[in-house]
1. Would a scan of the stretch 131-141 turn up a residue that is in contact with a Lys or Arg (Cβ under 8 Å, 6 or more places away or on another chain), closer than 26 Å to residue 269 by Cα and at pLDDT 90 or above?
2. Would you confirm whether any residue within the stretch 146-153 is part of a loop (DSSP other than H, G, I, E, B), touching a strand residue (DSSP E or B) at 6+ places or on another chain (Cβ under 9 Å) and farther than 19 Å from residue 88 by Cβ?
3. Which one of these does residue 260 not meet: (1) buried (at least 20 other Cβ atoms within 10 Å of the Cβ); (2) farther than 30 Å from residue 137 by Cβ; (3) modelled with pLDDT of 90 or more; (4) of a type outside the set (A, V, I, L, M)?
4. Is the stretch 168-186 home to any residue that is under 21 Å from residue 119 (Cβ atoms) and open to solvent by 40 Å² or more (accessible area, probe 1.4 Å)?
5. Go through the stretch 92-130 and give me each residue that's of a type outside the set (D, E, K, R), free of Cβ contacts under 8 Å to residues at least 60 places away in the same chain and not in a loop (DSSP other than H, G, I, E, B).
6. Checking residue 72 against (1) at pLDDT 95 or above; (2) surrounded by 16 or more Cβ atoms within 10 Å (Cβ to Cβ), which single condition isn't satisfied?
7. Among the numbered criteria (1) surrounded by 22 or more Cβ atoms within 10 Å (Cβ to Cβ); (2) closer than 28 Å to residue 254 by Cβ; (3) at pLDDT 95 or above, which single criterion is violated by residue 59?
8. Residue under question is residue 122, and the condition is that it be surrounded by fewer than 20 Cβ atoms within 10 Å (Cβ to Cβ), modelled with pLDDT of 95 or more and more than 16 Å from the chain's Cα centre (by Cα); does it hold?
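The values are calculated or read from the model by the stated rules, or taken from the named source; none is laboratory data. None of these values were measured; they are calculated from a predicted model. Note that each Cβ is placed from the backbone with ideal geometry, even for glycine, and that neighbours are counted across all protein chains shown. Heavy atoms of the whole protein, side chains included, go into the accessibility calculation; ligands, DNA and RNA do not. Shrake-Rupley method; radii C 1.70, N 1.55, O 1.52, S 1.80 Å.
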Amino acid sequence: MTQRRPPRSASADDLLTTLGYLTAQARQGAEHHRARVDLAVALQRDMLPSVLPSVPGLRTAARYAPARDGLEIGGDWYDGFVMPDGSLAFSIGDVQGHDVEAAAFMGQIRMGLRAVATAATDPGEVLSRANDLLVSVGRELFATCTFVRFDPTAWMLESARAGHVPAVWATDDGRCGAVQDDGGLPLGIQAGEGYPVTRRRLTRGGTFVLLTDGLIEGPGVPVDTGLDRVTGLIGAATGAGAGAEELAAEVMKAAEFTDHTDDAAVLVLRHDACPGSRQAGGEGRAPAAVDRAPG
């Protein structure tokens with residue numbers, strides 16, 4: 001004789017109904033989040049430049065990668081363009097937060113820097129004006145940024161930093177280090193902020209690399225540890241004669257060391273020595289003259 005299963009209690013039916021409802025909600029939420037991430041990816045890709053400026057003796061390359069899980073995206077950017085005076089401008093930065101809002105804000109900052117640079121060439125002034133503009137619009141987001149101007153006539157780099165991680169330099173003879181320059185607050189926090197400018201005459205061939213913290217910081221990886229590792233990598237690759245594209249690709253691999261939990265960007269300036277300069281070794285001099293000027 002076949003035994004009948006006892007009827008389910010009302011509470012069991014209610015539980016199954018509730019579980020089904022929650023499962024459907026979770027699926028809808030995941031699909032909604034995935035759609036926002038996909039939109040952020042599209043915004044990010046469309047707003048990053050497809051070509052970077054260069055001149056004879058200066059090669060450039062850049063890379064961007066979202067976080068490994070694809071959920072941390074939208075905050076990092078890089079850019080490069082020709083300024084009205086013929087010098088080349090480069091910037092890299094990281095917007096607080098991720099998702100569509102961060103990607104859109106990134107686009108606003110990038111365009112704001114370009115607009116300001118039509119009227120100002122000093123990197124510190126460019127950052128200061130862009131900062132005041134961002135504060136005035138009242139957004140709750142902020143961004144770190146480094147802005148660099150390359151003067152092809154003087155063969156000089158001028159840079160200013162708004163709360164961003166240090167850049168890295170290296171010379172063809174294998175020397176390297178993180179740039180020890182002063183900086184100001186991130187963009188969008190406080191009006192009237194000043195940004196000191198550091199000037200470097202490129203007397204030796206080498207590399208100047210801008211990067212974001214996704215390459216040097218992660219769970220269990222302090223910024224200083226990650227920065228030291230990337231600095232050594234850039235020094236070795238530059239000393240081995242790597243070009244700009246190869247260097248950019250190698251630096252991006254450092255994200256694996258940080259577990260790639262954040263999006264990451266790198267911008268490489270691979271430069272020859274200043275025309276007419278003498279690259280003598282063993283002089284005990286820094287690879288470039290440094291002059292810190294107020295922003």
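1. First pass over the stretch 131-141, keeping only residues in contact with a Lys or Arg (Cβ under 8 Å, 6 or more places away or on another chain): none.
Checking the stretch 131-141: not a single residue is in contact with a Lys or Arg (Cβ under 8 Å, 6 or more places away or on another chain), closer than 26 Å to residue 269 by Cα and at pLDDT 90 or above.
2. We begin by selecting, within the stretch 146-153, every residue part of a loop (DSSP other than H, G, I, E, B); these are 152-153.
Remaining after also requiring touching a strand residue (DSSP E or B) at 6+ places or on another chain (Cβ under 9 Å): 152.
When the remaining residues are screened for being farther than 19 Å from residue 88 by Cβ, the result is none.
There is no residue in the stretch 146-153 that is part of a loop (DSSP other than H, G, I, E, B), touching a strand residue (DSSP E or B) at 6+ places or on another chain (Cβ under 9 Å) and farther than 19 Å from residue 88 by Cβ.
3. (3)
4. Our first condition is that a residue be under 21 Å from residue 119 (Cβ atoms); within the stretch 168-186, this holds for 184.
Checking which are open to solvent by 40 Å² or more (accessible area, probe 1.4 Å) leaves us with none.
Looking for residues that are under 21 Å from residue 119 (Cβ atoms) and open to solvent by 40 Å² or more (accessible area, probe 1.4 Å), one finds none in the stretch 168-186, hence no.
5. Hits for the stretch 92-130 are 95, 105, 108, 111, 112, 113, 115, 116, 126, 130.
6. Just one mismatch for residue 72, condition (1).
7. (1)
8. Details: surrounded by fewer than 20 Cβ atoms within 10 Å (Cβ to Cβ): yes; modelled with pLDDT of 95 or more: yes; more than 16 Å from the chain's Cα centre (by Cα): yes.
For residue 122, the condition - surrounded by fewer than 20 Cβ atoms within 10 Å (Cβ to Cβ), modelled with pLDDT of 95 or more and more than 16 Å from the chain's Cα centre (by Cα) - is met.
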